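Trainee: I am attaching a structure below and will ask some questions about it afterwards.
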Amino acid sequence: MHSLTRALARLLREQRVASLATLDAQGLPQLSLVPFAIDADALVIHVSALAAHTAALERQPRAALMVHEGAPDQGSVHALHRVALQVQARLLPPHDPDRDHLKSVYLARFPDALQMTELGDFRFVRLTLIEARQVAGFGAARSLHADELALALELAQRPDGHDAP
């Protein structure tokens, strides 16, 4: 397994929020900060029907997500580990059979969100990873396709982050 795949899995496991890029009704880019959970084959977000990004995902389910390390108090920020993910969003209707599964995945990472998951105007969204651009420092950048991203998601779900025996 590529060392950058392990680094990507660690980044996804350690960071809990991402910037979600969507297009508004006029086709202009907009950004939102969204907490995300990791499922076997996708990322999971929980959004309000009142949020602009929810309407944007309903209009155009292709979006992008940026996950990155936090900036250090001192030193260079130019080599922060980051990944820009191209995703396909699937907004689940309230009675979708997958809702309970996504809720459990989300609450495993964000147990304090239990009350929010019971509000009628919130929905779960499955973000299927299509491709990505990972920058893990100077000279450590690459493009990834779905198969390598699936491997990173699988590894990210392991609490110890180690490869399977």
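The values are calculated or read from the model by the stated rules, or taken from the named source; none is laboratory data. Only a predicted model underlies this, so the values are computations on that prediction, with no experimental measurement involved. Using ideal geometry, Cβ is built from the backbone for each residue, glycine included, and neighbour counts are taken over all protein chains shown.
Trainee: Note down all Cβ pairs under 8 Å where the first residue falls in the range 89-118 and is among the aromatic types (Phe, Trp, Tyr), the second is at pLDDT 95 or above and in a loop (DSSP other than H, G, I, E, B), and they're at least six residues apart or on different chains.
Mentor: Note: pairs meeting the criteria are 110/16.
Trainee: Moving to a separate point now. Quick one: which strands (runs of 3 or more DSSP E) sit completely within the range 1-49 and have at least 2 residues that are β-branched (Val, Ile, Thr) and in contact with a Pro (Cβ under 9 Å, 6 or more places away or on another chain)?
Mentor: Result: 17-23.
Trainee: Taking the residues in the range 50-74 that are acidic (Asp, Glu) and under 23 Å from residue 11 (Cβ atoms) as candidates, determine which candidate is modelled with the highest pLDDT.
Mentor: It comes out as 69.
Trainee: Would you call residue 135 crowded, with 17+ Cβ neighbours inside 10 Å, in contact (Cβ under 8 Å) with a residue 24 or more places away in the chain and either in contact with a helix residue (DSSP H, G or I) (Cβ under 6 Å, 6 or more places away or on another chain) or more than 13 Å from residue 43 (Cα to Cα) (or both)?
Mentor: Against the criterion (crowded, with 17+ Cβ neighbours inside 10 Å, in contact (Cβ under 8 Å) with a residue 24 or more places away in the chain and either in contact with a helix residue (DSSP H, G or I) (Cβ under 6 Å, 6 or more places away or on another chain) or more than 13 Å from residue 43 (Cα to Cα) (or both)), residue 135 qualifies.
Trainee: Checking the condition more than 30 Å from residue 142 (Cα to Cα) and surrounded by 13 or more Cβ atoms within 10 Å (Cβ to Cβ), which residue from 46, 101, 81 passes?
Mentor: Matching residue, one of 46, 101, 81: 101.
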